1. If the limit is 19 Å between Cα atoms, which of 130/260; 61/250; 61/254; 150/260 go over it?
2. For the range 137-279, what is the convex hull volume of the alpha-carbon atoms per residue, in Å³?
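What follows is calculated from the coordinates using simple rules that are stated; it is not laboratory data. Treat the numbers as computed from the prediction; the structure is a model and nothing was measured.
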Amino acid sequence: MTAIQALALGLIQGIAEFLPISSSGHLALLKNLLGLAEVPLLFDVILHIATLFAVIIVLRKRIVAILAALWAFLFSRKGEQPGSGTAITDFEARERARNLAYIPPILIATAVTGVLGYGIQKIFPMGDTKAVAMRMLFTALVLGLTAVVKPGSRGPDEIGWKRATFVGLAQGVGVFSGISRSGMTISAGLFAGLNRTTAGEYSFLLSIPAIGGAFLLTLKDAGSMMETVSYGNLALAALAAFASGLLSLKLLLKMIKGGKIFWFAPYLVALGAIGLLFG
């Protein structure tokens, strides 16, 4: 793999990981375009880890608030209750509760995704370029439907196990190359009645255990990866994925709040059509 190829793969990963256009689908098409042999799975996962750092930076306030709320829940003194002398305020108590409310849905959705995703990878082949193109068209359909869905009002404390299971199933389907993980989870959240901010935050908070789990499962491939990818090219690809991921995540969060993620549907229709015609 050349430096130019590594840079191109990193940029595409960062952009397409967060924008709802399927990073795996774009990487598969780009590999064909660049004439690359099959790239070891761990290379893709390293690029995902780079974009994971972008998630942590952009959502750092929410992540810190969730961890702080969990710490307070586990270790705070009994006297630290609203209305007591040392106490947290009613507002602080409500904020703690809202941040804690993210944890069960994240765990439930992650478990559902793990079971479904593992089953899909074991049973179903990922398919050729035309199969990837068909899945891009499916993603376009799902994104298009968000344009006609009335915005919900439910926050993190109203996700519940049923909605978490639904979003987890959507994320599991995102294992298929050509189906956007972010597109499916954000859309599923909106379909389930979550408000736009919660749907976006929940989707990207879910990416943290999903990417971390994939990394751990593919560590065994580390040795074979370095047979085809140099450390320098790997670092270049990871840096490109991080930088482009940071910018695309900030852009997408603004688009989610504006109810505009369906704007990506025409692009996926065009790309899917090209894949079907020339794949």
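1. Over 19 Å Cα-Cα: 130/260.
2. Given the Cα convex hull of the range 137-279, per-residue volume reads 130 Å³.
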